[in-house]
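Colleague: If you scroll down you'll find the structure; I have some questions about it.
Nothing in this text is a laboratory measurement; each read-out follows from the coordinates by a stated rule. Just so it is clear, the structure is predicted and the values come from calculations on it, not from any experiment. Here the Cβ positions follow ideal geometry from the backbone for every residue, glycine too, while neighbour counts run over all protein chains shown.
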Amino acid sequence: MKLSTKGRYGLTAMLYLARHTDDGPMSLRSMAETGIQPDYLEQLLGSLRKAGLVTTCRGAQGGYSLARKPEEITVGEVITATEGPVRFCDCDTEGDVCNWKEQCDTRHVWSLLAKQMNNLLDSITLAGVLADLEQGGTNP
């Protein structure tokens, strides 16, 4: 499994907002300091807004803010909002995607792996990532 730029950049944008929680709404121009193009940021932030993770404020002092505290937003929520649910194969979804779904010897493995990965991502908060970075981690 490999995350696309949507997931990686979405998390980068959310961490930027988490760092600047007390600074009020952040403009796209200020968020572009992360190296993400403003047009792409706007698309990502639209997905994050639809998921209820960011809010927008219009006007001269407007911009984007976290919808909840950094301690209450998980990496899993960000990844799901930008990439969709973490899955390792199509047969791990509802519906008739695979004709061999009921006979597949490996389906259980992929389902278990996806469940464990989602549990891990849901256990990591934005605040936790920032705390790790402050203790010597590398900047994402």
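Colleague: Where does the longest stretch of the chain lie that holds no GluC sites (Glu not before Pro) found in a DSSP loop with 10 or fewer other Cβ atoms within 10 Å?
Modeller: 1-93
Colleague: Note the count of lysine pairs whose C-alpha atoms are less than 23 angstrom apart in the chain, limited to pairs 8 or more residues apart or on different chains.
Modeller: 6
Colleague: Dipole size in debye (nearest 20) for the chain around its Cα centre, Lys and Arg Cβ +1, Asp and Glu Cβ -1? Don't jump to the answer; show the numbers that get you there.
Modeller: Numbers: 14 positive and 18 negative charges, 56 e Å.
My answer is approximately 260 debye.
Colleague: Using just the helices of the chain, give the 222 nm mean residue ellipticity in deg cm²/dmol: DSSP H runs with n ≥ 4 each add -39,500 (n - 2.57), and the total is spread over all residues, rounded to 500.
Modeller: Taking each H run of at least 4 residues, the total per residue is -14500 deg cm²/dmol.
Colleague: Using the Karplus curve 6.51 cos²θ - 1.76 cosθ + 1.60 with θ = phi - 60°, work out ³J(HN,Hα) for each residue of the stretch 103-119 in order, rounded to whole Hz, and write x for Gly and Pro.
Modeller: Once rounded to whole Hz, the list reads 9, 6, 6, 9, 3, 4, 4, 5, 5, 5, 4, 5, 4, 5, 5, 5, 4.
Colleague: Here is a further query. What do you get for trypsin sites (Lys or Arg not before Pro) in the stretch 1-59 restricted to DSSP loop and a cutoff of at most 16 other Cβ within 10 Å of the site's Cβ? Before the final figure, lay out the partial values.
Modeller: Details: sites: LYS2, LYS6, ARG8, ARG19, ARG29, ARG49, LYS50, ARG58; in loops: LYS2, ARG58.
Sparse-neighbourhood loop trypsin sites (Lys or Arg not before Pro): LYS2, ARG58.
Colleague: Most fluctuating residue of TYR40, TYR64, TYR16 in a GNM of the chain with Cα springs under 10 Å: which is it?
Modeller: TYR40
Colleague: Under the 0.36 nm per residue contour assumption, what length would be gained going from the current alpha-carbon distance of LYS115 and LEU133 to full extension?
Modeller: Result: 3.8 nm gained on full extension.
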